[in-house]
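This report refers to the structure that appears directly beneath it.
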Amino acid sequence: MATRFKKSYKFAFKSAIIIAFFFFLVMTPLVLYFDGTPKWLYVVQGILMFFITFFILQYRTEYFIYKRIQKIYKNVTFLEHADIRAKAVTTDMKTLTEEIQKFAKSKKIEIESLQVREEYRREFLGNISHELKTPLFTIQSYLETLLDGAIEDLSVRDHYLERANRGVERLIYIVKDLDMISKLESGDLHLNFEVFDIVETVQNAFYLLEYKAKKRGISLIFDMKYAQPILVFGDKERIGQVITNLIDNSIKYGKEKGTTEVSIEDLVNQKLIVRITDNGEGIKKENIPRLFERFYRIDKSGSREIGGSGLGLSIVKHIVEAHDEHIYVESSYGYGSEFSFTLEKAPSA
């Protein structure tokens, strides 16, 4: 009660004491000068003056502050209206200041978050514009050349049409990947869960990327011989896409005549982890947190020459998270990288 009194009525109490003090200061000479009026009457008047002043000040101050704070609450959604009704507004400026500072801090965090999102939005729009602009301009330049007369030369015509077709395929590839990310984020992409052999899925990815790896002299290997199937529960097609994308990235950015190694290890709680490790250039520490952003490029100048939609890792992350699993990155710049993700074992595994 003492703490509440000090917080709630400190202003009115001190003000009432000051008024009562000046009342006695003024009234004392009058009491001494006029002997007709009983002295105790002036004391009673002083005490009454103190209480009357105290309650008037307290009521008026509370009413004054309450009306204005209530307006602030409504304007900036400072607190829920239920909180306003539940808690009496007092003259405690310390509590009010703390609440305002708390509000300002939360708004500062919100503004900083919005600024980060705005920066990401601008960067994303710039990246997607570049990704779409490059194949579009390529297609346009080849078609314009053909329309200007080069179509009469059959060898030039076939060559330019083939190049234009590659540009169209790249556009389709980008649009399909964007559509997949959109569906994954909105939950519209249905996952077909089933039991399948993860070893076989990795082997299929090896077969698919064998020629691409051979061109760079990169060996695709398992860390050991898996004689028996390893059964997991998930969407076979999408997990295959995750593994293919990760191995493909490893080939693109790996060291020529290097290795890409896949390992499958047991974890606790009916989980296993799939690791894709290479001995390539590696990734700098400051780039790792942004690897899974759409169109994010580590090498802003030359990485687009490598190809791809720039959405592969973003799709990988969304697919893994759609399975309620986790993906991890470990990299040592100059020595190589390891991407790994968890999977649920099949119930019978």
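The values are calculated or read from the model by the stated rules, or taken from the named source; none is laboratory data. What you see is a predicted model, and the numbers here were worked out from it, not measured in a lab. A quick note on method: Cβ atoms are made from the backbone with ideal geometry, for glycine too, and the neighbour counts reach across all protein chains shown.
Values computed for the structure shown
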item	result
Whichever residue in region 293-343 is in contact with a Leu (Cβ under 9 Å, 6 or more places away or on another chain), among the charged types (D, E, K, R) and modelled with pLDDT of 85 or more and, among such residues, is nearest to Asp179 (Cα to Cα)	Lys317
Candidates Val232, Val199, Val195, filtered to the one that is part of a helix (DSSP H, G or I) and either closer than 20 Å to Tyr328 by Cα or touching a residue at least 40 places away in the same chain (Cβ under 8 Å) (or both)	Val199
One residue from Gly187, Gly217 being on the phi > 0 side of the Ramachandran plot and either of a type in the set (D, E, K, R) or surrounded by 10 or more Cβ atoms within 10 Å (Cβ to Cβ) (or both)	Gly217
Filter result for Ile198 (in the same structural domain as Ile276 (by TED's automatic domain parsing) and within 18 Å of Asp324 (Cβ to Cβ))	yes
Evaluation of Leu146 against (1) of a type in the set (A, V, I, L, M, F, W, C); (2) in the same structural domain as Ile128 (by TED's automatic domain parsing); (3) within 22 Å of Leu313 (Cβ to Cβ) (one fails), failing number	(3)
Residue list for region 261-296, restricted to those being more than 19 Å from Val199 (Cβ to Cβ) and small (Gly, Ala, Ser)	Gly280, Gly282
Test: Leu143 is loosely packed, with under 13 Cβ neighbours inside 10 Å, farther than 25 Å from Ile247 by Cβ and more than 33 Å from the chain's Cα centre (by Cα)	no
Region 155-198, residues that are at pLDDT 80 or above and either of a type in the set (Ser, Thr, Tyr) or closer than 30 Å to Glu265 by Cα (or both)	Tyr160, His190, Leu191, Asn192, Phe193, Glu194, Val195, Phe196, Asp197, Ile198
Unique match (being within 31 Å of the chain's Cα centre (by Cα) and under 22 Å from Leu246 (Cα atoms)) among Ile221, Ile109, Ile174	Ile174
Failed item, numbered, when Ile128 is tested on (1) part of a helix (DSSP H, G or I); (2) under 30 Å from His323 (Cβ atoms); (3) touching a helix residue (DSSP H, G or I) at 6+ places or on another chain (Cβ under 7 Å)	(3)
Condition check for Arg170: touching a helix residue (DSSP H, G or I) at 6+ places or on another chain (Cβ under 6 Å) and either under 23 Å from Arg275 (Cβ atoms) or not in a helix (DSSP H, G or I) (or both)	no
Residue check, Gln270 touching a Lys or Arg at 6+ places or on another chain (Cβ under 7 Å) and either among the basic types (Lys, Arg) or under 22 Å from His318 (Cα atoms) (or both)	yes
Residues within region 259-271 that are touching a residue at least 60 places away in the same chain (Cβ under 8 Å) and either of a type in the set (S, T, N, Q) or crowded, with 18+ Cβ neighbours inside 10 Å (or both), tallied	3
Which listed residue, of Ile288, Ile276, Ile283, Ile264, is out of contact with any helix residue (DSSP H, G or I) (no Cβ under 9 Å at 6 or more places or on another chain) and either among the β-branched types (Val, Ile, Thr) or in a loop (DSSP other than H, G, I, E, B) (or both)	Ile288
Residue check, Lys225 assigned by TED's automatic domain parsing to the domain that holds His318, closer than 21 Å to Leu343 by Cα, basic (Lys, Arg) and surrounded by fewer than 12 Cβ atoms within 10 Å (Cβ to Cβ)	yes
